[in-house]
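What follows is a short report on a single structure.
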Amino acid sequence: MLQIDLKGKRALIAGIGDDQGFGWAIAKALADAGAEILIATWAPIVKIFSTSWSLGKFDESRKLKNGKLLEYSKLYPIDAIFDTMEDVPQDIRENKRYAGLSGYTVSEVAKQVEADFGKIDILVHSLANAPEVTKNLLDTSRKGYLAAMSSSAYSFISLLSHFGPIMNEGGSALSLSYIASERVVPGYGGGMSSAKAALESDTRTLAWEAGRKWNLRVNAISAGPLKSRAAKAIGMIEDMIEYSKANAPLVKDLDADEVGVAATFLLSPLASAITGSVLYVDNGMHAMGLAVDSLALQNNQKYAKPAVTG
C-alpha cells in the first residue's frame with residue numbers, strides 16, 4: 001500500500017486556535033504521517049488555547065489513528081498582520097489581550113523557530129479574518145476591506161517570505177481558500193471573497209518565486225464549508241453547508257479530516273511535481289453550474305435529490 005511518510009519532517013501550522021477547523025485537521029493528518037508539529041496561534045488567544053490543551057479539553061479530538069494523542073513541540077503566539085515590531089501600534093502593544101506576550105510578529109516568530117529548531121519542511125497558512133465579513137461588498141469600508149486582505153491574503157506572502165529562508169529544499173507551503181474566490185457567494189462579504197481571489201493568484205506567483213529561489217512548492221486547497229467556530233463569524237455557515245449538500249455531486253457533509261488528508265498529500269513528497277495549484281476538496285461543488293434545488297426546477301424529476309444509502 002502506498003503510504004505518506006513524513007518521519008523526520010517538521011511542520012509549522014499557523015492559525016490553529018482550537019480543536020476544530022481545517023488547521024487542526026491538517027496538523028493531525030501530518031502527525032499521523034509522522035511529522036513533528038509546531039503550532040502558531042493568534043496571540044490574543046494563545047493563553048486560552050494552551051490552557052484548554054493542558055486541562056485536557058482537546059484530548060478526545062487529539063486522538064490519532066495509532067491511538068496516541070497529537071502533540072506539538074512548541075506553541076508560538078503570532079499576529080500575522082504585523083511583519084515586525086515596528087508595525088505594531090502602541091494601542092495593540094498595551095492591549096490587555098497582548099499583555100505578557102512578545103515576539104509575535106511574523107519576522108520574530110520565524111527567527112524564534114530558527115533558533116529553536118533550525119529548519120522546517122512544511123508551512124501551513126490557516127489564517128483568515130475580515131472584521132466586516134457580514135457586510136455586502138458595496139457596504140464594506142476601505143479599512144475593513146484592507147484588513148481582510150492583510151490578514152487573509154498578504155499574511156501568506158509574509159509567512160513565506162520570512163520562513164522560506166529557513167525551509168529545507170524540497171519543502172512545501174499550503175494555504176486554504178474557498179470557492180467565493182471565483183464564484184459569487186452572497187453574504188460572504190467584507191472583502192473576504194477578494195482576499196481569497198488574491199490568495200489563489202498569489203499561490204501561482206509564489207510557486208514560481210519560491211520554487212526558483214528556495215526549491216519550495218506552493219499550493220492551495222479550496223475547501224467546502226465547515227461549521228467551525230471561526231466560520232460562525234460569517235453568520236450563514238449553516239446555510240452554506242446545506243446549500244452544498246443539496247447541490248454538490250456528493251450528498252454529504254464535508255469532514256475536516258478529508259481536507260487534512262488532501263493537504264498532507266500536497267505537502268508530502270508524493271506531490272513532488274505539483275505546485276502553483278488549487279485543489280478543490282468540496283464534494284465537487286466547484287464543478288456545478290446549476291442549483292439543482294432551485295424552485296425553478298422543482299417539477300423536474302431529473303434533478304431530484306438521490307437517496308443516500310449507507
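The values are calculated or read from the model by the stated rules, or taken from the named source; none is laboratory data. Just so it is clear, the model here is predicted, and its values are computed rather than measured. Cβ placement follows ideal geometry from the backbone for every residue including glycine, while neighbour counts extend to all protein chains displayed.
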Legend entry - Identity of the residue in the range 133-176, β-branched (Val, Ile, Thr) and part of a loop (DSSP other than H, G, I, E, B), that ends up surrounded by the fewest Cβ atoms within 10 Å (Cβ to Cβ): Thr134
Inset, instruction - Filter the range 163-181 for residues that are of a type outside the set (A, V, I, L, M) and closer than 22 Å to Ala256 by Cβ and give the result. - result: Ser172, Ser175, Ser177, Tyr178, Ser181
Legend entry - Members of the range 111-144 found to be free of Cβ contacts under 8 Å to residues at least 60 places away in the same chain and either in contact with a Leu (Cβ under 8 Å, 6 or more places away or on another chain) or of a type in the set (Asp, Glu) (or both), listed by number: Glu114, Asp116, Glu132, Asp139
Legend entry - Out of Leu254, Leu270, Leu250, sole residue that is surrounded by fewer than 22 Cβ atoms within 10 Å (Cβ to Cβ), hydrophobic (A, V, I, L, M, F, W, C) and in a loop (DSSP other than H, G, I, E, B): Leu250
Legend entry - Subset of the range 177-227 (residues that are in contact (Cβ under 8 Å) with a residue 60 or more places away in the chain, outside any helix (DSSP H, G or I) and among the hydroxyl-bearing types (Ser, Thr, Tyr)): Ser177, Ser222
Inset, instruction - Check off (1) modelled with pLDDT of 95 or more; (2) part of a loop (DSSP other than H, G, I, E, B) for Gly100 and give me the number that stays unchecked. - result: (1)
Inset, instruction - Kindly check whether there is at least one residue in the range 55-64 that is closer than 28 Å to Ser107 by Cβ and acidic (Asp, Glu). - result: no
Legend entry - Count - residues of the range 10-25 that are in a helix (DSSP H, G or I) and not hydrophobic (A, V, I, L, M, F, W, C): 2
Legend entry - In the range 45-82, residue farthest from Ala11 (Cα to Cα) [restricted to those that are assigned to a loop (DSSP other than H, G, I, E, B) and touching a Leu at 6+ places or on another chain (Cβ under 7 Å)]: Asp59
Legend entry - Hey, Leu30 crowded, with 20+ Cβ neighbours inside 10 Å, over 18 Å from Ser155 (Cα atoms), touching a residue at least 12 places away in the same chain (Cβ under 8 Å) and more than 18 Å from the chain's Cα centre (by Cα) or not: no
Inset, instruction - Would you point out which residue out of Gly8, Gly15 is surrounded by fewer than 19 Cβ atoms within 10 Å (Cβ to Cβ), under 16 Å from Ile120 (Cβ atoms) and not hydroxyl-bearing (Ser, Thr, Tyr)? - result: Gly8
Legend entry - Close pairs from the range 148-173: first within 20 Å of Leu266 (Cα to Cα), partner acidic (Asp, Glu) and assigned to a strand (DSSP E or B), Cβ under 6 Å, at least 6 apart: Asn168/Asp121; Gly171/Asp121
Inset, instruction - Among residues belonging to the range 252-310 that are over 25 Å from Ala197 (Cα atoms) and in contact with a helix residue (DSSP H, G or I) (Cβ under 6 Å, 6 or more places away or on another chain), point out the one that is modelled with the lowest pLDDT. - result: Tyr303
